[in-house]
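Novice: Before I ask anything, here is the structure I am working with.
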Amino acid sequence: MQQVWLGTGWKMNHTSREAEDYATALAMFVRGQSLVTRLFILPPFTALAVVAEILRDTQVMVGAQNMHWQSRGPFTGEISASMLAGCGAQLVELGHSERREHFGETDYSVNAKVHAALDANLVPLACVGEPGIEREFGVADEWVRRQVKIALHNVPSARLTRTIFAYEPVWAIGERGIPATPEQAAEMHRVIRNTLTELYGTGAAREIPILYGGSVNRDNAAGLLKQPNIDGLFVGRAAWQVDDFIQMIQLVENVTARRAYA
Ligand code: PGA
């Protein structure tokens, strides 16, 4: 069985001082536990080094929320994969819908970034998900299938094992988002899994974690995790306070334990 993943992206929240407090509390919690959940947090760039240092030698992976696809050059304000790795990052989120909406990211730039991340030994966490209008017109499947295929264009199967997908329907994200029902999420996770199978075969496709994100909270987490092909949760608001994240970790641990003995 796939391991279960739980991670949070902080978006543009937390100064490095606040991040330090969060990471310190989280490190203290995880050091006292034997957890089976794969955990990660994605602070802003400015807090990456401090958070990675505090969580070093714990099972919490630390990553960034974006990066440039080039390794260096005249790209004012941008950050490269090797810069992230140098700060202790192990993974990098790519193509979040807010990046697509506000900063012009496309499926093609996500693909370039997936390659750059893999070259730098970072785990790419590629975000896909349809806008509400695509769902209304009945083309959510095609939309997401296309995103997955372009994100992985020219990625050989040998490198695929280090990749994670997050299905985050645009209509489910943020303050005004409506969480996908477990059935809606499961249906799209199946589409993603099938696309991966088509591209790389069943064995390889099964190894790729597909996480759900979009208004995940403690009330809907268990229902989502019970669905086939949902290998974990990617949480925003409901994990920006460390106590909330810790409670979410405990909840996921309980669900996973029940899943293992079911
Ligand atoms: P949310 O954010 O949980 O606050 O909806 C999810 C995300 O954007 O990844």
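Novice: In the list Ser109, Ser157, Ser97, which residue meets the criterion of being of a type outside the set (D, E, K, R) and within 14 Å of the chain's Cα centre (by Cα)? Outline the logic, then answer.
Specialist: On the way: Ser109 fails: within 14 Å of the chain's Cα centre (by Cα); Ser157 fails: within 14 Å of the chain's Cα centre (by Cα).
The conditions single out Ser97.
Novice: Could you please give the count of residues in the range 171-184 that are surrounded by fewer than 21 Cβ atoms within 10 Å (Cβ to Cβ) and of a type in the set (A, V, I, L, M)?
Specialist: Selection size over the range 171-184: 1.
Novice: Is it true that Ser16 is at pLDDT below 95 and hydroxyl-bearing (Ser, Thr, Tyr)? First the steps, then the outcome.
Specialist: Numbers: at pLDDT below 95: no; hydroxyl-bearing (Ser, Thr, Tyr): yes.
No: the conditions fail for Ser16.
Novice: Inside the range 117-143, can you point out the residues that are surrounded by 17 or more Cβ atoms within 10 Å (Cβ to Cβ) and not in a strand (DSSP E or B)? Spell out the reasoning first.
Specialist: Within the range 117-143, the subset surrounded by 17 or more Cβ atoms within 10 Å (Cβ to Cβ) is 117-118, 120, 122-130, 134-135, 140-141, 143.
Once the filter is applied, which keeps residues that are surrounded by 17 or more Cβ atoms within 10 Å (Cβ to Cβ) and not in a strand (DSSP E or B), the range 117-143 yields Ala117, Leu118, Ala120, Leu122, Gly129, Glu130, Glu134, Arg135, Ala140, Asp141, Trp143.
Novice: When you go through Val191, Val252, Val170, Val235 one by one, which is the residue that is β-branched (Val, Ile, Thr), in contact (Cβ under 8 Å) with a residue 60 or more places away in the chain and more than 27 Å from Gln33 (Cα to Cα)? Show your work before the answer.
Specialist: Numbers: Val191 fails: in contact (Cβ under 8 Å) with a residue 60 or more places away in the chain; Val252 fails: more than 27 Å from Gln33 (Cα to Cα); Val235 fails: more than 27 Å from Gln33 (Cα to Cα).
Going through Val191, Val252, Val170, Val235 in turn, just one is β-branched (Val, Ile, Thr), in contact (Cβ under 8 Å) with a residue 60 or more places away in the chain and more than 27 Å from Gln33 (Cα to Cα): Val170.
Novice: Look through the range 144-168, keep the residues that are more than 20 Å from Pro131 (Cα to Cα) and among the hydroxyl-bearing types (Ser, Thr, Tyr), and return whichever of them is surrounded by the most Cβ atoms within 10 Å (Cβ to Cβ).
Specialist: Going through the range 144-168, the residues more than 20 Å from Pro131 (Cα to Cα) turn out to be 152-164.
From what is left, the residues that are among the hydroxyl-bearing types (Ser, Thr, Tyr) are 157, 161, 163.
Values: Ser157: 15, Thr161: 11, Thr163: 22.
Here the residue is Thr163.
Novice: Restrict the check to the range 75-93 and report whether at least one residue is crowded, with 20+ Cβ neighbours inside 10 Å and in contact with a Cys (Cβ under 7 Å, 6 or more places away or on another chain).
Specialist: The answer is yes; a qualifying residue exists.
Residue by residue, here is whether (1) at negative phi; (2) free of Cβ contacts under 8 Å to residues at least 60 places away in the same chain; (3) assigned to a helix (DSSP H, G or I) holds:
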residue: Thr8; (1), (2), (3): yes, no, no
residue: Lys11; (1), (2), (3): no, no, no
residue: Ala19; (1), (2), (3): yes, yes, yes
residue: Tyr22; (1), (2), (3): yes, no, yes
residue: Phe29; (1), (2), (3): yes, no, yes
residue: Val51; (1), (2), (3): yes, yes, yes
residue: Asp57; (1), (2), (3): no, yes, no
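The values are calculated or read from the model by the stated rules, or taken from the named source; none is laboratory data. Keep in mind that what you see is a predicted model, and the values were worked out from it rather than measured. Counting neighbours? That spans all protein chains shown, and the Cβs are built from the backbone with ideal geometry, glycine included.
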